[in-house]
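The values are calculated or read from the model by the stated rules, or taken from the named source; none is laboratory data. Since the model is a prediction, treat every value here as computed from it, not as a measurement. So basically every Cβ, Gly included, is an ideal-geometry build from the backbone, and we count neighbours across all protein chains shown.
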Amino acid sequence: MDFKKLFFPIGGGEELRERIHAALLINKYFGSHLSIIACQLDPETVYNTRMTLRGGIMLDEFLRTAKEELAEEQSLNEKIVKEECKKLGITYSEDQHTKNSAFLRNMLGTRSELVEKHSKYCDLVVAAVPPHGVITGTFEASVVKSGKPAIAFPRKMTEFKTDRILLSLTGSTSSARALHNALPIIKNAKEVFCITSQHYLQDGMDETKGRILNYLDIHGINPNFEVVKTEGKVPGQALLKAADKYEVDMIVAGIDTNTGIREIFLGGASKYFLENTKYPVMM
C-alpha cells in the first residue's frame, strides 16, 4: 500500500519534542504528508460564564489568563514541529500533495472525540505508546477506532527502519489484517522472523508452519520461523523477548477489535508490553 497521508495525534504527557520527532521519522521513511493535530479544551466551555472563582477573581479575568496560556501552548507546539521538520529535512506545509511534508493543526474540543473523527481519513495512523503503558482514550481512539493501519512507537525513538521485522501470527482476523497491511514493508525487509505459540497451532506445527510459509513464499518472503513458549509469562513478554532475541527494527502484530489494544498478541499486550517496548509495532 502506498501511504500518502499519515495521521499523528499529539497526546498528553512528557517527551513532547521526542514524540513529535519520532512521528516525523516515520513520515520521512514513507515520504508522505503527516497531518498532526493537537487538541485542547476551550476554557469557555469548561467553566460556567456566570461563575465567580474563589478569592473574588472574576471569571473573565480567569478566562483571559487561560486563553493566554492556551495560545502559548499552541505556539510552542507549532515551534517544536517546525524545528523538528527542519532537522529532518521535512517541508512544513499545509499542502497534503507535497511529499515528505507535515503540518500541525490546533483544535479545540475533547481530544479522544476529535482524534477518532479525524483519524478515519488517512492511510496510516502513527501514535506514541501511552505513558506508563496505561491505555488512554486518545490512544485507543487513534489506534483501534480509526479503522486504519497503525504504527505505535516508543515515546523516545531516534531511528525508524524496517530492515529486520518480527511478524506475530495468531490465526486471528486481526493478525491476518496486520499481515496484509504490512506486506509492502515486509517484502522490502532484509530479514523477517515469524513467531506463533503452541496455543494458536490449529492443525499441528508442521501444517500451520507450512500454510504460513506457503503464503509468504508467493510474496517472495522467506522468514525464520519459531513457535515460542508463553506459559508462565506476563502477556506481551514473549513478544518482546523474541524482538530482543532477533534484534528487530519493527514488530507486526494484530489487535482484536472486540477488546482493543488489550489483546494485541498471545493473550494480551497488557500494560507490560506498552510500557516496555523499545520497538515500533505495526497493527
Selected residue (criterion: surrounded by the most Cβ atoms within 10 Å (Cβ to Cβ)) from residues of region 171-197 that are more than 20 Å from VAL227 (Cβ to Cβ) and among the β-branched types (Val, Ile, Thr): ILE185
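Rundown of residues vs (1) among the hydrophobic types (A, V, I, L, M, F, W, C); (2) in contact with a Phe, Trp or Tyr (Cβ under 6 Å, 6 or more places away or on another chain), yes/no style:
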| residue | (1), (2) |
| --- | --- |
| LEU70 | yes, no |
| CYS85 | yes, yes |
| TYR92 | no, no |
| HIS118 | no, no |
| PRO131 | no, no |
| ILE135 | yes, no |
| LYS145 | no, no |
| LYS156 | no, no |
Of (1) buried (at least 18 other Cβ atoms within 10 Å of the Cβ); (2) among the hydroxyl-bearing types (Ser, Thr, Tyr); (3) at pLDDT below 85, SER168 satisfies every one except (3)
Among the residues of region 160-181, are any free of Cβ contacts under 8 Å to residues at least 40 places away in the same chain and either touching a Phe, Trp or Tyr at 6+ places or on another chain (Cβ under 9 Å) or in the same structural domain as ASN224 (by TED's automatic domain parsing) (or both)? yes
LYS187 versus (1) at pLDDT 90 or above; (2) touching a Pro at 6+ places or on another chain (Cβ under 9 Å): which is the lone unmet condition? (2)
Might you check whether a residue that is exposed (fewer than 14 other Cβ atoms within 10 Å of the Cβ), in the same structural domain as VAL252 (by TED's automatic domain parsing), of a type outside the set (S, T, N, Q) and farther than 16 Å from ILE26 by Cβ occurs anywhere in region 144-157? no
State the number of residues belonging to region 66-99 that are part of a strand (DSSP E or B) and either crowded, with 16+ Cβ neighbours inside 10 Å or not hydroxyl-bearing (Ser, Thr, Tyr) (or both). 1
Region 127-166, subset among the acidic types (Asp, Glu) and assigned to a loop (DSSP other than H, G, I, E, B), residue nearest to the chain's Cα centre (by Cα): GLU159
So LYS117 passes all but one of these: (1) farther than 26 Å from GLU69 by Cβ; (2) among the basic types (Lys, Arg); (3) out of contact with any helix residue (DSSP H, G or I) (no Cβ under 8 Å at 6 or more places or on another chain). Which condition number does it fail? (1)
What residue, of VAL228, VAL248, is modelled with pLDDT under 95 and either assigned by TED's automatic domain parsing to the domain that holds ALA189 or under 19 Å from MET283 (Cβ atoms) (or both)? VAL228
The conditions are (1) surrounded by fewer than 22 Cβ atoms within 10 Å (Cβ to Cβ); (2) under 18 Å from the mean Cα position of the chain (by Cα); (3) part of a helix (DSSP H, G or I), and GLU207 fails exactly one of them. Which is it? (2)
Determine the pairs where a residue that is within 16 Å of PRO9 (Cα to Cα), located within region 74-88, has a partner that is assigned to a helix (DSSP H, G or I) and of a type in the set (Lys, Arg) with Cβ atoms under 6 Å apart, the partner being 6 or more residues away or on another chain. ILE80/ARG17
